[in-house]
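The values are calculated or read from the model by the stated rules, or taken from the named source; none is laboratory data. Model, not experiment: these values are computed from the prediction. Note that each Cβ is placed from the backbone with ideal geometry, even for glycine, and that neighbours are counted across all protein chains shown. These area figures cover heavy atoms from the full protein model, side chains too; ligands, DNA and RNA do not enter into them. Shrake-Rupley method; radii C 1.70, N 1.55, O 1.52, S 1.80 Å.
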Amino acid sequence: MSINESGNVLIINAHQYYPFSEGKLNAALVDKAVSLLEEKGYNTRVITMVEEYEVDEQLAHHQWADYVILQTPINWMGVPWSFKKYMDEVYTAGMGGAMCAGDGRVAEEPKKNYGTGGTLSDVKYMMSLTFNAPEESFNDSEEFFDGKSVDDLLFPMHMNFKFFGMQPMATFASFDVMKNADVENDFKRFEAHINKHF
């Protein structure tokens, strides 16, 4: 991998294997992101939840990155448990300055400025999500999510990244991937999304 001027992209594949959900779509989207970004001159690194990891090495990956792409299925309205474990271990260790300097508050103002201690303010993040839910279940007050958007549902993840000072990019989502998948169209939309934002 050559060093270049475009920047460094850390891609996290947060998929958790189940017999009914092997992770092929998430893996394919990661591969597509790597090939598209490297063609544009970016350096990429990929983390998966199936690999054993060393906390300090993971913190170094985040400090290396100019961009973080979280590629994840949405399980029970949130990220899979293996990525939650990763966050609990890696991101908590990052509170010593690698990702944030505590929670941003100081003794003189103990009730103010919570969440302002982030040390990754030059890093942008993008979420790429796969849903069993159809697109039509969002942004419609008559449907399941009560008119809420994908980003409303993922508010906690946005806040996690904001806690580190990271800046959001537009979210990408593939819908209805288990019952009515349209992978070819998802790939086209994903490529357009990457080309627009990188």
Subject >> Among ASP186, ASP88, ASP146, residue whose mean-square fluctuation peaks in a GNM of the chain (springs only between Cα atoms under 10 Å) >> reply: ASP146
Original post:
Amide H of ILE69: which non-local residues (sequence gap of 5 or more, or other chain) have their own amide H closer than 5 Å, using H built in the peptide plane?
Top reply: LEU10, ILE11, ILE12, MET126
**OP:** Any chance you could look up the accessible area of VAL50 with a 1.4 Å probe, heavy atoms only, rounded to 10 Å²?
**Re:** 120
Original post:
Using a Förster distance of 35 Å, how high is the FRET efficiency between LYS111 and ASP31, based on the Cβ-Cβ distance and rounded to 0.05?
Top reply: 0.15
Original post:
Considering only the chain, what is the antiparallel percent among its DSSP beta bridges, to the nearest 5?
Top reply: 20
Original post:
Protein chains only, probe 1.4 Å: how do MET159, MET126 rank by accessible area, largest first?
Top reply: MET159, MET126
Original post:
Is it possible to state the helix-based mean residue ellipticity at 222 nm for the chain, with each DSSP H run of 4+ residues giving -39500 (n - 2.57), the sum divided by total residues, to the nearest 500 deg cm²/dmol? What is it?
Top reply: -9000 deg cm²/dmol
Subject >> the chain: most fluctuating residue of ASN13, ASN26, ASN75 per GNM, C-alpha cutoff 10 Å >> reply: ASN75
Subject >> Heavy atoms of LEU153: accessible area, 1.4 Å probe, square angstrom to 10 >> reply: 40
Subject >> For the range 1-151, convex hull of alpha carbons as volume per residue, Å³ >> reply: 149
Subject >> 3J(HN,Hα) from dihedral phi, the range 78-90, Karplus parametrisation 6.51/-1.76/1.60, rounded to Hz, x for glycine, proline >> reply: x, 6, x, 4, 5, 6, 4, 4, 4, 4, 4, 8, 7
Subject >> Full-extension gain in nm, ASN180 to SER82, via 0.36 nm per residue minus C-alpha separation >> reply: 32.7 nm
Subject >> Per DSSP, loop trypsin sites (Lys or Arg not before Pro) in the range 32-117 with at most 11 further Cβ within 10 Å >> reply: LYS111, LYS112
Original post:
What list of whole percents do you get for P(r) of the range 78-149, with Cα-Cα distances grouped in 5 Å bins up to the one holding the largest distance?
Top reply: 4, 12, 13, 15, 15, 12, 14, 10, 4, 1
Original post:
If you place +1 on the Cβ of every Lys and Arg, -1 on the Cβ of every Asp and Glu, and leave all else neutral, what size is the dipole of the chain about its Cα centre, to the nearest 20 Debye?
Top reply: 300
**OP:** Using the structure shown, select from LYS40/LYS179; LYS85/LYS179; LYS112/LYS196; LYS124/LYS179 the pairs with a Cα to Cα distance greater than 30 angstrom.
**Re:** LYS40/LYS179; LYS112/LYS196; LYS124/LYS179
Original post:
For the chain, what relative contact order do you get, as a whole percent, if you take Cα pairs closer than 8 Å and at least 6 residues apart?
Top reply: 21
**OP:** Grab the alpha carbons of the range 70-198, take their convex hull, and tell me the volume per residue in Å³.
**Re:** 127
**OP:** Report the GluC sites (Glu not before Pro) located in the range 35-75 that are in a DSSP loop and have at most 15 other Cβ atoms inside 10 Å of their Cβ, or state none.
**Re:** GLU51, GLU52, GLU54
Subject >> Coil-residue trypsin sites (Lys or Arg not before Pro) of the range 143-198, DSSP, other Cβ within 10 Å capped at 13 >> reply: LYS179
**OP:** Report the one residue of VAL150, ASN139, VAL123 whose Cα lies farthest in the direction of the positive end of the charge dipole of the range 32-150 (charges on C-beta: Lys and Arg +1, Asp and Glu -1; origin at the Cα centre).
**Re:** VAL123
**OP:** Compute the length gained on full extension between LYS162 and ARG45: take 0.36 nm times their separation in residues and subtract their Cα-Cα distance, giving the result in nm to one decimal.
**Re:** 40.0 nm
Original post:
Beyond 21 Å, what percent of the Cα pairs of the range 40-103 remain?
Top reply: 27
Subject >> Net charge contributed by nearby residues that have their C-beta within less than 14 Å of GLY96 (K/R +1, D/E -1) >> reply: -3
